[in-house]
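Read through the structure below, which is laid out as C-alpha cells, and then see the notes.
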Amino acid sequence: MSTENDIVTLLKTNGTLTAIPFHLATDPQSVALPKITIEKIGERRQYSNDGDAGLSTANYQLNAIAASMNAAKTLARAMKSTLAANMLATYGSTRFAGIFIEAEKDMAAPTEAGIEKPAQISILSIRANFYDSL
C-alpha cells in the first residue's frame, strides 16, 4: 500500500467521510459530488548527523469538493479532526510520526471553457512524517 492509500484508510475512520469517494492525484469529472481528491506535492527523506534517520516527509493537498461551501467545509473539518486525533497512528503499512495542517484555503471550482462548475472546494495542505518501515 502507498502512504496516500493509508491516509485514505485513516480518513475513512471518520463517519462523515466513510461514504465519500476519494481519488488519488486526479479529479474525475464524471464522479458526482461530494468527493475528495488527494495530491502528493513532494516527498523527501530526513537525515541526521549519523545518516539516514529512517523517516520521510511528504506534502499533500486534500481537496474537499462539494456543491456548497458549507458541505465542503464540513468535509474539511472532518478531515482536520481525524488527522489531528491520529497524528501518531499506524494505518495500513504506514506508521505516522506526525501529520500537520500546513494551510487551508476555500475557493470556487475553476471554470472550463467558460462553463461554471457547480462546486466549491475547501483545500487542506498537510505534511505527513512517517517511518520507512514498520
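A short reminder: the numbers here are calculations on the coordinates, not readings from a lab. As the structure is a computational prediction, the values presented were derived from the model and not from experiment. Note that we place each Cβ from the backbone using ideal geometry, even for glycine, and neighbour counts take in every protein chain shown.
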Amide H within-cut-off set for Ala53, under 5 Å, with H built and near neighbours excluded: Gln46, Tyr47, Ser48
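Provide the gained length on full extension for the span Ala19 to Lys105, in nm with one decimal, where the gain is 0.36 nm per separating residue minus the Cα-Cα distance.
Gain on stretching Ala19 to Lys105: 28.6 nm.
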Note, ³J(HN,Hα) from phi for region 21-37, Karplus 6.51, -1.76, 1.60, rounded to Hz, x at Gly and Pro: x, 10, 10, 8, 6, 10, 10, x, 5, 7, 7, 5, 7, x, 7, 10, 10
Equivalent-ellipsoid semi-axes of region 37-106, from the Cα gyration tensor, Å, largest first: 29, 13, 10
MRE, 222 nm, helices only [DSSP H, n ≥ 4, -39500 (n - 2.57), over the chain, to nearest 500]: -6000 deg cm²/dmol
Residues in region 36-59 reached by a label modelled at Asn5 [backbone nitrogen below 20 Å; 7 Å Cα→Cβ]: 36-43, 56-59
Under Karplus coefficients 6.51, -1.76 and 1.60, residue-wise ³J(HN,Hα) of region 79-91 in Hz, glycine/proline x: 5, 4, 5, 5, 5, 5, 6, 10, 5, 10, 9, 10, 10
Rh by Kirkwood over Cα pairs, then Stokes-Einstein D for the chain at 1.306 mPa s and 10 °C, µm²/s: 103 µm²/s
Cα-based Lys pair tally, the chain, threshold under 15 Å, eight or more apart or on separate chains: 6
Taking Leu62, Leu88 and counting other C-beta atoms within 10 Å, the order from fewest to most: Leu88, Leu62
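Give the order of Ser122, Ser93 when sorted by the count of other beta carbons within 10 angstrom, beginning with the fewest. Intermediate results must be reported in sequence, preceding the final value.
On the way: Ser122 25, Ser93 14.
Lowest count first: Ser93, Ser122.
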Taking Met69, Met79 and counting other C-beta atoms within 10 Å, the order from fewest to most: Met69, Met79
R0 of 25 Å, Cβ-Cβ distance Ala53-Ala32: FRET efficiency to nearest 0.05: 0.05
